[in-house]
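Structure first, then comments.
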Amino acid sequence: MIRVVLATLLSHYRRHPGQLAMLLLGLWVAGGLWSGVQAINASAKDNYARAEALLGGSLVRLERDNGAPLTHDDFVALRRAGVLMSPLLEGERVTDSGVRLTLVGIDPFTLPSGSSLGSTEGQLQNFIAPPWQVRLAPDTQVQLGEVARLQNGTVLPPMVADSGLPPNMAVMDMAIAAQLLQAGDKITALIGRFEQVPAGFRQITRPGPGELAQSFHLNLTAMALLALVVGLFIVQAALGLALEQRLGLLRTLRALGVPCRSLTGLLALELLLLGLLGAVAGLVSGVWLAGRLLPDVAATLQSLYDANVSAGLSLPWHYWLGGMGVTLGGLLLAGSGV
């Protein structure tokens, strides 16, 4: 009986294919735009998390309180005074292919634990000795190719992929970083764990890239939510029209002995089947749309907030469940009002 009644209910859309098209179109548009924006946000937040985890939550950056540049002499003097810290050298360079890289020089011997910058186990000798090594995010390594050159013609050391690094960041030993950045004996900051900031220095507090770009992603989410609501209004209108046109059919099924509870359950099952079809189509097209738009979004974030975001999608497992759940939940909410 259930199979026969379900087939009878679905036969309405065979006679009215336009209603089925509007229903699926509303779900597709709503799910596609919502899933696409959330894919962009999820990928960007993954990159922000990797960038903020580089120095660990308990590490502090120091610079001179008078604003003068730090040098290796400052590092040596503080180490001899018993202050445990490590030098850090940062700078930007552009490759001959136009990729802007943030070069980060570290001293793996003094770098405190808890920083993903110092994960050089198994390759320490190659990391600190000529021809040195450069650690990059896998997508950045693919973008640079087998051999990377800076705009001045200097060839970067051999590259090693490190999935824990954010995009467009190259981590290397202090010695080779100073050569590439032409920094001499200057360093950018001193990092470590301090109970008290040493005299003559001040702590640097920098907001993370996720904090700077929070409003940007909030606006994207708001626009996606608006698209979701508009799509669900289309769905609700199509469902209302289909139910109105099937009132006579529903009365006939009740007269033939179909229980009201069974009929309500089959209408919900019909809604779920159509919802799954529209949600899957929306999720797939949303990921495709996000993949096409992410390079432009990454360029915008780079220019506005100086935040490095990969041009490739990096989606956690809960993204897929969340995309399906939001679309199906919105469909059930629209269907409950019919």
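The values are calculated or read from the model by the stated rules, or taken from the named source; none is laboratory data. Keep in mind it's a predicted model, so treat the numbers as computed, not measured. Neighbour counts run over all protein chains shown; Cβ positions are idealised from the backbone, glycine included.
General observations
- Single condition S86 does not satisfy, out of (1) out of contact with any Asp or Glu (no Cβ under 7 Å at 6 or more places or on another chain); (2) modelled with pLDDT of 85 or more; (3) of a type in the set (G, A, S); (4) not in a helix (DSSP H, G or I): (1)
- Take the conditions (1) modelled with pLDDT of 85 or more; (2) more than 15 Å from F194 (Cβ to Cβ); A49 misses just one of them, which is (1).
- For first residues located in segment 87-104 and within 14 Å of R61 (Cα to Cα) and charged (D, E, K, R), partners that are part of a strand (DSSP E or B) and modelled with pLDDT of 85 or more and lie 6+ apart or on another chain with Cβ distances below 8 Å form the pairs E90/T102; E90/L103; E90/V104; E90/G105; E90/A189.
- The single condition among (1) at pLDDT below 85; (2) among the small types (G, A, S); (3) under 27 Å from H72 (Cβ atoms) that G210 does not satisfy is (3).
- Residues being surrounded by fewer than 19 Cβ atoms within 10 Å (Cβ to Cβ) and outside any strand (DSSP E or B) - total across segment 158-177: 4
Per-residue answers, yes or no, for (1) crowded, with 20+ Cβ neighbours inside 10 Å; (2) farther than 19 Å from L20 by Cα; (3) under 19 Å from the mean Cα position of the chain (by Cα):
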site	(1), (2), (3)
R251	no, yes, no
T264	no, yes, no
L273	no, no, no
A290	yes, yes, yes
L294	yes, yes, yes
L301	yes, yes, yes
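- G257 vs. criteria of a type outside the set (F, W, Y), without any contact (Cβ under 8 Å) to a residue 12 or more places away in the chain and outside any helix (DSSP H, G or I): yes
- Each residue in segment 160-177 was checked for being in contact with a Lys or Arg (Cβ under 8 Å, 6 or more places away or on another chain) and not polar (S, T, N, Q), and 9 pass.
- Residues that are surrounded by 12 or more Cβ atoms within 10 Å (Cβ to Cβ) and in a helix (DSSP H, G or I) within segment 210-222 comprise G210, E211, L212, Q214, F216, H217, L220, T221, listed in sequence order.
- Failed condition for V280, given (1) closer than 18 Å to L33 by Cα; (2) of a type in the set (V, I, T); (3) in contact with a Ser or Thr (Cβ under 8 Å, 6 or more places away or on another chain): (3)
- Answer from F194, F216 - the residue that is of a type outside the set (A, V, I, L, M) and under 28 Å from the mean Cα position of the chain (by Cα): F216
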